[in-house]
Amino acid sequence: MSTKSKTKNTLKQSHKRQLSEYITALVWSKQGNYLAIVTAAGELALWQQGNLEILTASHDYSLDCVGFSQDGNYLATAGQEGKVSIWQLGVNSPKFTLNTTLDQGNAWIDSLGWHPQKNLLAFAVNRQVKVWDVDLGQLMAELNFADSSVFNIAWHPQGKLLAASGHGSVKVWNIDNWSEPPEMLEVPGSSLDCAWSSHGDYLASGNLDRTISLLHWGNPSPWLMQGFPGKVSKVVWSNTSDPVLASSCQDAVIVWEFNNEINNWENRVLQHDQAIQAITFAPNSSLLVSASNDGGIQLWSKAQKLTKIVSGKIKFSCLAWNPTGDYLAAGGQNGEVIILQNSISSSSRGFG
């Protein structure tokens, strides 16, 4: 997996570790010095400078979501047991210790997200979204979705809005007045995933009924993209001046870009051999990376041209770029964790 040309997008394996079960999620801290990993066996592991520390050993309940606060001082996990655990970094120590446990009864929690500027943690509990203020140690809001369980949550990049996916709509609350009725992006069927574009201009929803709903925030009429072969399980945006939307559906990634000449969105299909498990854009780049059950990771230059396949026997379950784009973490369905390094030195050049 070495490179002969400094103009090609290539990755090479840097580190590999093994946990006991399916990697359900992994995420880098905003500072890039920690990688947190959770598994279907309930393990929480922390990777730092090549060392893997197990914070929670395997047990009977899966952990399904994990996230770092914006300042990197807090780490939150949740899952099947119905508990949100908040870990805190020591003041004079690189160690995380358990700070708070929020017991939500028998609720299976599989979605949480930190505010992009404040130590506010939002998490979905059945038909509610709860917002916990870590600094104050108190619950700030209980937001009722009402129509169904909440499938996913997403903070606006500027932090003024909080979106939640569910049956019939994506509901959006204003942080300045939680009690105000939420604005809604209505969707046919159910919204499985929602995502804001990097500047917050667009809100996208991947829907169960084989559609994407896309709203230019502040404009009354959303677009509805149709004709997908199955449910749209994931939507992600590039962090570029002209945002690119990628969506996963069965064994294909469908990419959408706005064409100013026709004043509408155009799409192209990036094909895999088997079901897509994860998609992500490199930071500040239109390089799209996708992983599927065929045991490979594919790199799509400018979200259109296949430039490299990192192949192997590992069936990957999740992907996460570090903040600089120098490293890509990949979790496997049998507990593998691999760190792939940009083979063109330690800069993000070559990942455009």
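One line per residue, one yes/no per condition, for (1) in a strand (DSSP E or B); (2) open to solvent by less than 30 Å² (accessible area, probe 1.4 Å); (3) on the phi > 0 side of the Ramachandran plot:
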{"position": "241", "(1), (2), (3)": "no, no, no"}
{"position": "269", "(1), (2), (3)": "yes, no, no"}
{"position": "307", "(1), (2), (3)": "yes, no, no"}
{"position": "317", "(1), (2), (3)": "yes, yes, no"}
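Suppose the filter is within 24 Å of residue 110 (Cβ to Cβ) and within 22 Å of the chain's Cα centre (by Cα); does residue 156 pass it?
Numbers: within 24 Å of residue 110 (Cβ to Cβ): yes; within 22 Å of the chain's Cα centre (by Cα): yes.
Criteria met by residue 156.
This table checks each residue for (1) crowded, with 20+ Cβ neighbours inside 10 Å; (2) small (Gly, Ala, Ser); (3) in a loop (DSSP other than H, G, I, E, B); (4) modelled with pLDDT of 95 or more.
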{"residue": "12", "(1), (2), (3), (4)": "no, no, no, no"}
{"residue": "20", "(1), (2), (3), (4)": "no, yes, yes, no"}
{"residue": "25", "(1), (2), (3), (4)": "yes, yes, no, yes"}
{"residue": "59", "(1), (2), (3), (4)": "no, no, yes, no"}
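So that you can scan it fast, the table gives a plain yes or no per residue for (1) on the phi > 0 side of the Ramachandran plot; (2) open to solvent by 50 Å² or more (accessible area, probe 1.4 Å); (3) of a type in the set (S, T, N, Q); (4) part of a strand (DSSP E or B):
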| position | (1), (2), (3), (4) |
| --- | --- |
| 17 | no, yes, no, yes |
| 31 | no, yes, yes, no |
| 36 | no, no, no, yes |
| 45 | no, no, no, yes |
| 53 | no, yes, no, yes |
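Considering every residue within segment 212-227, establish whether at least one is of a type in the set (Val, Ile, Thr), open to solvent by 20 Å² or more (accessible area, probe 1.4 Å) and touching a strand residue (DSSP E or B) at 6+ places or on another chain (Cβ under 7 Å). Before the answer, list the steps.
To start, the set of residues in segment 212-227 that are of a type in the set (Val, Ile, Thr) comprises 212.
Within this subset, residues satisfying the condition of being open to solvent by 20 Å² or more (accessible area, probe 1.4 Å) are none.
No, there is no match, as no residue in segment 212-227 is of a type in the set (Val, Ile, Thr), open to solvent by 20 Å² or more (accessible area, probe 1.4 Å) and touching a strand residue (DSSP E or B) at 6+ places or on another chain (Cβ under 7 Å).
Just one of (1) open to solvent by 60 Å² or more (accessible area, probe 1.4 Å); (2) over 25 Å from residue 31 (Cβ atoms); (3) out of contact with any Cys (no Cβ under 9 Å at 6 or more places or on another chain) trips up residue 277, so point out which.
(3)
Regarding residue 82, is this residue within 19 Å of the chain's Cα centre (by Cα) and open to solvent by less than 20 Å² (accessible area, probe 1.4 Å)? I'd like the intermediate steps shown before the answer.
Details: within 19 Å of the chain's Cα centre (by Cα): no; open to solvent by less than 20 Å² (accessible area, probe 1.4 Å): yes.
Spelling it out, it is not the case that residue 82 is within 19 Å of the chain's Cα centre (by Cα) and open to solvent by less than 20 Å² (accessible area, probe 1.4 Å).
Looking at this structure, is residue 338 among the β-branched types (Val, Ile, Thr) and crowded, with 18+ Cβ neighbours inside 10 Å? Quick ask: steps written out before the conclusion?
Details: among the β-branched types (Val, Ile, Thr): yes; crowded, with 18+ Cβ neighbours inside 10 Å: yes.
Here the answer is yes, as residue 338 does meet what is asked.
If you scan segment 61-78, which residues turn out to be open to solvent by 20 Å² or more (accessible area, probe 1.4 Å) and outside any strand (DSSP E or B)?
The answer is 61, 70, 71, 73.
Taking segment 248-267 as the search range and keeping residues that are within 21 Å of the chain's Cα centre (by Cα) and assigned to a loop (DSSP other than H, G, I, E, B), which one is nearest to residue 223 (Cα to Cα)?
Taking segment 248-267 first, the residues within 21 Å of the chain's Cα centre (by Cα) are 248-257.
In the following step, the residues that additionally are assigned to a loop (DSSP other than H, G, I, E, B) were identified as 250-251.
Working: 250: 22, 251: 24 Å.
This residue is 250.
Of (1) in a loop (DSSP other than H, G, I, E, B); (2) surrounded by 20 or more Cβ atoms within 10 Å (Cβ to Cβ), residue 199 satisfies all except one. Which?
The single condition residue 199 does not satisfy is (2).
Tell me which strands (runs of 3 or more DSSP E) are completely within segment 79-193 and hold 3 or more residues being within 28 Å of residue 214 (Cβ to Cβ), or say none if there are none.
Details: elements: 83-89, 96-103, 112-114, 120-125, 128-133, 138-144, 152-155, 161-174.
In segment 79-193, 112-114, 120-125, 128-133, 138-144, 152-155, 161-174 are the strands (runs of 3 or more DSSP E) which contain 3 or more residues that are within 28 Å of residue 214 (Cβ to Cβ).
Please count how many residues of segment 206-222 are among the charged types (D, E, K, R) and in contact (Cβ under 8 Å) with a residue 24 or more places away in the chain. Please lay out each step first, then the result.
We begin by selecting, within segment 206-222, every residue among the charged types (D, E, K, R); these are 209-210.
Then drop every residue that is not in contact (Cβ under 8 Å) with a residue 24 or more places away in the chain, which leaves 210.
Matching residues across segment 206-222 total 1.
Quick one: residue 300 ticks every box in (1) among the aromatic types (Phe, Trp, Tyr); (2) closer than 25 Å to residue 24 by Cα; (3) surrounded by fewer than 20 Cβ atoms within 10 Å (Cβ to Cβ) except a single one, so which number is it?
It fails just one condition, (3).
Quick check on residue 163: is it in contact (Cβ under 8 Å) with a residue 24 or more places away in the chain, among the aliphatic types (A, V, I, L, M), open to solvent by less than 10 Å² (accessible area, probe 1.4 Å) and at negative phi? Step through it out loud before you land on a result.
Values: in contact (Cβ under 8 Å) with a residue 24 or more places away in the chain: yes; among the aliphatic types (A, V, I, L, M): yes; open to solvent by less than 10 Å² (accessible area, probe 1.4 Å): yes; at negative phi: yes.
When the stated conditions are applied, residue 163 passes them.
For a quick check of your reading of the model, give me the residue pairs whose first member lies in segment 182-205 and is modelled with pLDDT of 95 or more, whose second is acidic (Asp, Glu) and assigned to a strand (DSSP E or B), with beta-carbon atoms closer than 9 Å and at least 6 apart or on different chains.
204/193; 205/193
Report every pair of residues separated by at least 6 positions or lying on different chains whose Cβ atoms are under 8 Å apart, first residue within segment 302-322 and farther than 14 Å from residue 253 by Cβ, second open to solvent by 90 Å² or more (accessible area, probe 1.4 Å) and not polar (S, T, N, Q).
307/8; 308/8; 310/1
The values are calculated or read from the model by the stated rules, or taken from the named source; none is laboratory data. This is a predicted model, so every value here is computed, not measured. Methodologically, a virtual Cβ is constructed for each residue, glycine included, from the backbone with ideal geometry; neighbour enumeration extends over all protein chains shown. Note: accessible area is taken over every heavy atom of the protein model, side chains too, but ligands, DNA and RNA are not part of it. Shrake-Rupley method; radii C 1.70, N 1.55, O 1.52, S 1.80 Å.
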